[in-house]
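First comes the structure, then the notes that go with it.
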Amino acid sequence: MSSTTNPSSHHTSTIGAIGAPSRRNTELALLVFAVAVPVFAYANVGLAINNQVPAGLLSYGLGLGLLAGVAHLAVRKFAPYADPLLLPLATLLNGLGLVVIWRLDQSKLLQAIRQAGTAAPRQLFYTAMGIALFVVVLIFLKDHRVLQRYTYISMVGALVLLLLPLVPGLGQNIYGAKIWISVAGFSIQPGEFAKIVLAVFFAGYLMVKRDALALASRRFMGLYLPRGRDLGPILVVWAISILILVFETDLGTSLLFFGMFVIMLYVATERTSWIVFGLLMSAVGAVGVASFEPHIQTRVQAWLDPMREYQLSRAGTKDGIVHSEQAMQALWAFGSGGTLGSGLGQGHSDLIRFAANSDFILATFGEELGLAGIMAILLIYGLIVERGIRTALAARDPFGKLLAIGLSGAFALQVFVVAGGVMGLIPLTGMTMPFLAYGGSSVIANWALIGILIRISDTARRPAPAPASDPDAEMTQVVRP
Amino acid sequence: MNKPLRRIAIFCGLLILTLLIRSNWIQYAKADSLKNDSENRRVTIARYSTPRGDIIVGGSPITGSTETKSSGLNDLKYKRTYKNGPMWAPVTGFASQAYDANLLEKVEDGILTGNDDRLFFRNTLDMITGKPKQGGNVVTTLNAAAQKAAYNGLKSHGKGAVVALEPSTGKILALASYPSYDPSSFAGTANADAEAWKKLQKENNPDDPMLNRALRETYPPGSIFKVVTAAAALENGLYTSAEQPTDSPLPWVMPGTTTELKNQGDIPCKNATMREALRVSCNTVFGKIGSDLGNEKMLAEAEKFGFNKEQFTPVRANASVFSDDMNKSQTALSSIGQFNTATTPLQMAMVTAAIANDGKLMKPYMVDELQTPSVDTLEQTRPEELSRPLSSRNAQILQSMMETVVKDGTGKNAQINGVTVGGKTGTAQHGVDNKEKPYAWFISYAKTGDGSSPVAVAVVVEDENANRGDISGGGLAAPIAKSVMEAVINSRK
């Protein structure tokens, strides 16, 4: 288990502290599974739909294997002590996502309404770009603390990214939510990138201000109340989230950014009062905006009574609001899947039609892989999040801790908001399941996110450079001839 | 910072746990209700994913299935087809991809789609051996020749219905309604199907072709109801033979009123025997019998024949009506088939069949057998006695009276060479002050040499083009009844 080369070190209890195992071989073994499982799934879809192993099986398997291999080699070379689970888990999700996107490409219904057909090759291309960005992060970001220098540039960058969809001519309104921009024929979701950039800004900012925010406070009813002027930052972030909600009409994005900030603020200051404030402010904001924004109201209605919304949509009700049958269709897809699912390629989740392979891709997993598949997918997401938080715990510097928890927390919130929305637990939002859903922005940004987490965990688990402080070890070296 | 980090870890774990619970809720607890929700398109897709089983008449199917052109927007693979759709529509009903199903197609949907629990074991076996799921067949009791005779007869006379039964078993031999519709015309989901459906709706088509007149329409029966009144008189011992003179003054003023009950023309009804009264169709004689027996006894007899109760053949037939709260004069009118009395053609065929079957009323049914996809018998319908409205002796008295009607009374048009036929004509008045054109009724049965009766039939014709004088059961309805009886007798040879 040890990476040391000393053959007689079986009794040395100090070795572990010096050289943590790199775990790269574990990662490689897991990666083999992470590639093999989607390859089998791909063959399964082909057999179910066309009664034959799909022609692209070899190239697809090789493609995914090659990408995973490149990523693994990059980790081995540039981040040898990184967490061994993150890369295989992300690869597995990405691979399964590709399979289901390809499966939906085969749907005649989606082809007829131009919702799918050639999405899988593009998604493979986006995956390649995502992994390229992942490798670039590992090569050029030698130490995550470098990002600290760009705290305020990040702030500006994040604001620009968040505001882009509102620029006339650039922004796109897709089914009511304005979280997209269109550049040269590509639709980009800047919010996915803003997630990372904002985490950098929050981490840098909170690291500097944490003492002021934590210490100067009064105690009231068991809570430390912050001073009025210290409320400034949270108020600003809250205001921006509200603006996103009002102008981009997307509850998910808004909730994600505000939630991420509250989590990081709480970790930075260790003050529970921020959580209480955060919850209160989100509730006030969400209810306040929902009281006058028709798009949000529709989403809430569709959540409370999806059947009614389905019937309104079917009847073609024209009352100035876009009624969508998607929420009900997604529930039917999950329910029809039952415990074990219909089997890949044998469901009818294409009935969801619009966004079946992006926002609603989880419903296809639910129908075709059943409750068993959904629980597995959710646990994989849970594992990624917990590995991210483990990285935050292990990180030695506050900036790294804050950045890791920010990224992991945002990832967890996104999974909750999207999966909860599709499963009818909370109102639907316009975000997508990381790695599973079709969409370049999402795949590329999330690979970058994993890259940063891997960098932080490598720094955290890297053995201390000077083992000389251990006298026993030195003695052994000297005495032995 | 590690303490809050651990708490955030727990928080994130709780988020995932919440999602896990939710997925269990919708995919386990609620799975079945979501899966089988009738609005869930998958239910329809599954129903049409395999060829539907067939409805069979006389050994050959009157339905079929055809593969639809598969395109992205049409996810239903097979479509129902019908042979001779309009003729069989009152039996089969329709099974439409867009408009659900009705009648036999609806009642036996489980068998036809193969989803019935009784096919579960076989389906599981098929799934294991990789065979596609198939629907079972429904074998009917109908007689194709009789159905054809009934339908063509109605077609040449206008709106109406025919029901023919086998008296000894209750098998439905013919069940025709006109005007009819072709269920093939809207079996699919294309625009043409939607238009065909729209055109057939009552609001767009005053003839209401989708109304199943044989089972779902109640008509005033008029004079044919007199056989029920005669049965009540015999059963209650008011008169004990067909030859006994009745106590029937002429003119007769209904009790409690100053209104005379009129006969149709100047016919010899004064103190006539029941045989004579039935032959010339005396209103006064049978009106007074009803009035003498009273509401209660008349109601009891009518209910023994099946009135005031829905029948399930297994397709539902409306209940025919004989009221239970009438005074003497109203009972008198009801006993000659007027006032509130209303009946389905099926009900009058049941009355006729019970008389022809020596007083035993058999439950009418149209499904002889349910078959598995591999043509094994899944369920065989056994004839079932419903009631005994009259004794065998009284039934034979009534038979001889009805045979007189055909031999030298109002029903001469139903005579068949070499076959004994008993019948009764009816001309039912309806509308406010009886202004509308009356319905022409005819009920009859045929008896072969050995005294058994192979067929009893009820015919109603609502002919709006005929002159009022022409509409009499004997003129319009009897020839149809005759051709149906002939078809049944010929097909037994």
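Rundown of residues vs (1) at the interface with chain B (Cβ under 10 Å from one of its Cβ atoms); (2) among the hydrophobic types (A, V, I, L, M, F, W, C); (3) free of Cβ contacts under 8 Å to residues at least 40 places away in the same chain; (4) in contact with a Cys (Cβ under 7 Å, 6 or more places away or on another chain), yes/no style:
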residue: A:L379; (1), (2), (3), (4): yes, yes, yes, no
residue: A:A412; (1), (2), (3), (4): yes, yes, yes, yes
residue: A:F416; (1), (2), (3), (4): yes, yes, yes, no
residue: A:G430; (1), (2), (3), (4): no, no, no, no
residue: A:G440; (1), (2), (3), (4): no, no, no, no
* To do: Please work out if B:A101 is at pLDDT 90 or above and within 25 Å of the chain's Cα centre (by Cα).
  => no
* To do: Check B:Q347 against each of (1) among the polar types (S, T, N, Q); (2) in contact with a helix residue (DSSP H, G or I) (Cβ under 9 Å, 6 or more places away or on another chain); (3) buried (at least 22 other Cβ atoms within 10 Å of the Cβ) and name the one condition it does not meet.
  => (2)
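Give the residue, chosen from B:A319, B:A349, B:A332, that is in contact with a Lys or Arg (Cβ under 7 Å, 6 or more places away or on another chain), of a type outside the set (V, I, T) and in a helix (DSSP H, G or I).
Within the list B:A319, B:A349, B:A332, the selection yields B:A332.
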* Asked: With (1) of a type in the set (D, E, K, R); (2) surrounded by fewer than 21 Cβ atoms within 10 Å (Cβ to Cβ); (3) away from every other protein chain (no Cβ under 13 Å) as the list, and B:R80 as the residue in question, which single condition is left unmet?
  -> (2)
* Structure fact -> Within region B:15-43, restricting to residues that are of a type in the set (V, I, T) and within 18 Å of A:Q326 (Cα to Cα), the one that is surrounded by the fewest Cβ atoms within 10 Å (Cβ to Cβ) is B:V43
* Please identify the pairs in which a residue from region B:401-422 that is within 11 Å of B:A481 (Cα to Cα) has its Cβ atom under 7 Å from the Cβ atom of a residue that is in a loop (DSSP other than H, G, I, E, B) and not charged (D, E, K, R), counting only partners at least 6 apart or on another chain. => B:V421/B:Q415
* Structure fact -> Those helices (runs of 4 or more DSSP H) completely within region B:1-47 that have 2 or more residues that are of a type in the set (A, V, I, L, M), under 30 Å from B:Y99 (Cα atoms) and facing chain A (nearest Cβ under 8 Å) are B:31-35
* Looking at (1) among the acidic types (D, E); (2) modelled with pLDDT of 85 or more; (3) touching a Gly at 6+ places or on another chain (Cβ under 6 Å), which is the one condition that is false for B:D116? -> (2)
* Got at least one residue in region B:224-243 being closer than 19 Å to B:L333 by Cα and of a type in the set (S, T, Y)? -> yes
* Structure fact -> Residues of region A:297-346 being within 13 Å of chain B (Cβ to nearest Cβ) and either in contact with a strand residue (DSSP E or B) (Cβ under 6 Å, 6 or more places away or on another chain) or of a type in the set (G, A, S) (or both), in sequence order, are A:S313, A:A315, A:A327, A:A330, A:A333, A:G335, A:S336, A:G337, A:G338, A:G341, A:S342, A:G343
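Of A:L138, A:L104, which residue is touching a residue at least 60 places away in the same chain (Cβ under 8 Å) and within 14 Å of another protein chain (Cβ to nearest Cβ)?
A:L104
The values are calculated or read from the model by the stated rules, or taken from the named source; none is laboratory data. Please read these numbers as outputs of a predicted model, since none were measured by experiment. Cβ sites come from the backbone with ideal geometry, for glycine too, and all protein chains shown count toward neighbours.
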